[in-house]
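Working notes, structure below.
Where a number appears in this text, it was derived from the coordinates with a stated rule and is not lab data. All values derive from a computational prediction rather than experimental measurement. Counting neighbours? That spans all protein chains shown, and the Cβs are built from the backbone with ideal geometry, glycine included.
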Amino acid sequence: MSADTPRRIVLLRHAKAEWSETSDHERPLAERGRKDAPVAGRWLAGAGITPDLTLCSTSARTRETWKLAVHELPQRPKTVYEERIYEASLGELIALLNETSDDVTDLMLVGHNPGVHALADALSGDAEGDLLPRMNRSGFPTASLAVLSFSGSWKSLEHGVGRLVAYWSPHE
């Protein structure tokens, strides 16, 4: 694939989790989260988005969100459970995406706030309609999705190179 290949990044924040006695990393989804995650998957399927690769945080709530969402897609993408997503800073998330093989056209990341929201905002140099202010006003709630497009190599991914082409939240 050439360096000007059009690519998409799909960012999914985990669905609503329970507050429990367990460690933060092991918190399971709440009932609302178990309902919202498949709805997010149906939105992806309806939008015709099936990633080539999904990078999913190793936390219990992100793994459970992805397990419920992916069942709604027409095909299951390759999934890598990546411990570096948990508690990652914006810079760490961009560095992780920079490692992606250029054979991947559509990449999904299933993660946490504030990182997922910060990543969507930082990469969005442009946006369709009112998507960027809508996303930023919402605070990127649980089970929300942002879809960004950019052209180039994953190694060239940096602040402002993307265009926010879709934003969806289950309770908007």
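The figures follow:
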{"item": "For the chain, built as a Gaussian network whose Cα springs stay under 10 Å, the top-fluctuating residue of A60, A17, A47", "result": "A47"}
{"item": "Unit charges at the beta carbon, dipole of the chain: most positive-side option, V110, N98, S153", "result": "V110"}
{"item": "About the Cα centre, charge dipole magnitude for the chain (Lys/Arg +1, Asp/Glu -1 at Cβ), debye", "result": "480"}
{"item": "Among A122, L132, G48 - extreme Cα towards positive end, dipole of the chain, charges at beta-carbon", "result": "G48"}
{"item": "Selected from G46, G125, G115 as most flexible by GNM, with the chain as the system and alpha-carbon contacts under 10 Å", "result": "G46"}
{"item": "Cα-based Lys pair tally, region 6-168, threshold under 16 Å, eight or more apart or on separate chains", "result": "4"}
{"item": "Calculated Rg and Dmax of the Cα atoms in Å (choose from (i) 14.8, 49; (ii) 20.9, 75; (iii) 18.5, 69), label", "result": "(i)"}
{"item": "Using θ = phi - 60° and Karplus 6.51 cos²θ - 1.76 cosθ + 1.60, couplings along region 114-126 (whole Hz; Gly, Pro as x)", "result": "x, x, 5, 5, 4, 5, 4, 5, 5, 6, 7, x, 8"}
{"item": "Protection proxy ranking of 73-83, 96-106, 29-39, 148-158 - average other beta-carbon atoms within 10 Å, highest first", "result": "29-39, 148-158, 96-106, 73-83"}
{"item": "Pairwise label distance in nanometres, R137 with S156, each label 7 Å out on the Cα-Cβ vector", "result": "3.4"}
